[in-house]
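The values are calculated or read from the model by the stated rules, or taken from the named source; none is laboratory data. Predicted model, so just to flag it, every value in this text is computed and none were measured. Ideal geometry is used to build each Cβ from the backbone, glycine not excepted, and the neighbour counts take in all protein chains shown. SASA here: full protein model, heavy atoms, side chains in, ligands and nucleic acids out. Shrake-Rupley method; radii C 1.70, N 1.55, O 1.52, S 1.80 Å.
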Amino acid sequence: MAGSDGDTITRVKDMGLVPHVFPPRTLAPLQGHRAVGHVRYSTTGASNWGNAQPIYREAGDAGFALGHNGNLTNTAVLADAAGILPGTVTSDSDVVAELIQQAMLAAEPGARSDGRDLERALIDVLPKLDGAFSLVLMDDSHVVGVRDPNGFRPLCLGRLDNGGVLSAGTTGRDIVGAHFVRELDPGEGGVVA
């Protein structure tokens, strides 16, 4: 899980069952008003701590957390384009995070001051992804969700009294008490906070 208080993103991740990984003492430092959580099962990449999500990256003075559900079919091509050495790719999710980080770092310095660098990076990176995916990302001030153009992976919008929720399934939405609004359309993205 990664949480943001608007200034800092704090991330806690580990292997194991949710109640064992997130007892109350572990959840305590995750203070804030937005969060990204992920329960990973092995699809692409091994089941190890390094592949546990959300993935976190820094881009200059900005950072983001990424939760990914799906499988990309062009991971090797993307890794090569990102300059990742052959044989070092641990997951397609890690490659997506690397591409987004690179796009954020490549943005012109003046463009980065408006707080939309994550969104601009997604506009650059998403057309390059082939396969099935839904992504939920968070920077210091936004939670963004996107769904692949074919709609292979679900991504649903929910509503709490104080904001929106994005979830790939009903469990994440139900556990926080969010009400179902609708499923995002194939290829749709949105900002909930």
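Computed quantities for the displayed model
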| quantity | calculated |
| --- | --- |
| Checklist (1) surrounded by 15 or more Cβ atoms within 10 Å (Cβ to Cβ); (2) in contact with a strand residue (DSSP E or B) (Cβ under 6 Å, 6 or more places away or on another chain) applied to V181, failing item | (1) |
| Residue check for T171: part of a loop (DSSP other than H, G, I, E, B), open to solvent by 20 Å² or more (accessible area, probe 1.4 Å) and not basic (K, R) | no |
| Scope segment 58-69; condition open to solvent by less than 60 Å² (accessible area, probe 1.4 Å) and within 18 Å of K13 (Cβ to Cβ); matching residues | G63, F64, A65, L66, G67, H68, N69 |
| A65 vs. criteria over 16 Å from the mean Cα position of the chain (by Cα), of a type in the set (G, A, S) and modelled with pLDDT of 75 or more | no |
| Any hit, segment 115-132, residues being in contact with a strand residue (DSSP E or B) (Cβ under 8 Å, 6 or more places away or on another chain), more than 26 Å from L30 (Cα to Cα) and assigned to a loop (DSSP other than H, G, I, E, B) | yes |
| Residue within segment 95-104 that is surrounded by fewer than 22 Cβ atoms within 10 Å (Cβ to Cβ) and either at pLDDT below 90 or within 17 Å of G187 (Cβ to Cβ) (or both) present | no |
| Residue list for segment 70-94, restricted to those being open to solvent by less than 50 Å² (accessible area, probe 1.4 Å), assigned to a helix (DSSP H, G or I) and closer than 13 Å to G131 by Cβ | T75, L78, D92, S93 |
| Restricting segment 156-183 to residues that are at pLDDT 85 or above and under 16 Å from the mean Cα position of the chain (by Cα), the residue that is farthest from S4 (Cα to Cα) | C156 |
| Selection count where residues are closer than 13 Å to P54 by Cα, open to solvent by less than 50 Å² (accessible area, probe 1.4 Å) and in a loop (DSSP other than H, G, I, E, B), scope segment 6-36 | 2 |
